[in-house]
Amino acid sequence: MNKIRNFFWLCSGANKDLLVKSPTEASKYAGIGATVFFTGIFASLAGYYALYTVFDLVLAAILAGLIWGTMIFNLDRYIVSSMRKKETLISELKMAAPRIILAILIAIIISKPLEMKVFEKEINSELIIMNLENQQIRENIVKSRYQGEMETLKVEISSLNNEVLDKTNSRDTLRRIAQKEADGTGGTMRRNAGSIYRIKKADADQVEKELEGMRAVNNTLIAEKQFRMATLSQNLQSEIVGMEASSLNGLAARMEALNRLTLSSNAIWVANWFILLLFIATESAPVLVKLLSPKGSYDYELETVEYKSKADNLRERANINKLIKIKTKGMPVFEKEYIDKQLEIGLASGSKF
């Protein structure tokens, strides 16, 4: 049990020797360390899933997930261990604000791959729809390359057929006129008007010859255009059949699918936000615990150690200044005064000169 507690103390970034002197703080820092540790575990899982989705390589994803989780663990450990209790809440909030913002950012990054894993079945179904839509778009693009020429050919074929139809109607009209002239129901209204009938019959026969010539020419042109349309249609079908099936399955596609699901389903939208808030709460918990908890014995012990370290450092610098002053006794007065002034400034501020 002590080994587990000591491990979580290590995860929290706390000083073990000081915690031994502050038994009342032991449980608090063990809990903080456990939170930091499990946040690193979640980060490793998220990193593994994200990298596996991209590269589809298990060993590489495991290695990358471990590296990512270790980095997040180390960052969280640093955030928690670098926080110090202040005398006022305002001072603590100023100190904690950047750390809380960073914790929220980390939580968002960690939660997204795990959200995609939680909704994996729904995302897979949405990806099928997205692939079908993408395939249809690609087919439409291919069809648009052929559609213009095919529509032009259809118009030209229709125009050629209309020419033949118009000429046929003209011939039929002239035949009816000649027939009415022959039976006395039209024209001169006299039966067997031979000369006039022959003239009108000749006009009809002339148009008949023109019609036959037009049919021969137009039918040839129509056949050529129909053959061209058949060739275009065959090429279009061959290109569509040869087109590779759409395979949207990467990380970006899954994020897009999850976004579409959250927009179309209130249940998934709510669940998605709950997962995100859970990770934000988990990631922010160590910082919030240190922020909200009262100043304890561990904090006083830590202040004492840090104060002693600063005092020792100050004493050491004072000794160095003393030695320098002894060595500068023989210097001119203005140089000695300048050095003494700089030594005093360095001793007071700790700055380098």
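Assorted remarks:
- Within the span defined as the range 275-282, one or more residues are buried (at least 16 other Cβ atoms within 10 Å of the Cβ) and under 18 Å from the mean Cα position of the chain (by Cα).
- Taking first residues from the range 305-319 that are assigned to a helix (DSSP H, G or I) and partners that are surrounded by 10 or more Cβ atoms within 10 Å (Cβ to Cβ), the Cβ contacts under 6 Å between residues at least 6 apart in sequence or on separate chains come to Arg317/Leu347.
- Qualifying residue in the range 230-250 (condition: in contact (Cβ under 8 Å) with a residue 40 or more places away in the chain and closer than 30 Å to Phe37 by Cα): yes
- Being modelled with pLDDT of 80 or more and touching an Asp or Glu at 6+ places or on another chain (Cβ under 6 Å) is a description that does not apply to Thr35.
- Residues being surrounded by 12 or more Cβ atoms within 10 Å (Cβ to Cβ), assigned to a helix (DSSP H, G or I), modelled with pLDDT under 85 and under 60 Å from the mean Cα position of the chain (by Cα) are entirely absent from the range 217-228.
- Residues that are acidic (Asp, Glu) and touching a residue at least 60 places away in the same chain (Cβ under 8 Å), drawn from the range 80-136: Glu92, Glu115, Glu122, Glu126
- 1 or more residues crowded, with 20+ Cβ neighbours inside 10 Å and charged (D, E, K, R): qualifying helices (runs of 4 or more DSSP H) within the range 1-107: 58-81
- Criterion: surrounded by fewer than 17 Cβ atoms within 10 Å (Cβ to Cβ), more than 30 Å from Gln135 (Cβ to Cβ) and among the acidic types (Asp, Glu) - qualifying residue of Glu316, Glu301: Glu316
The values are calculated or read from the model by the stated rules, or taken from the named source; none is laboratory data. What you are looking at is a predicted structure, and each value in this text was computed from that prediction instead of being measured. Every residue, glycine as well, gets a Cβ built from its backbone with ideal geometry; the counts of neighbours run over all protein chains shown.
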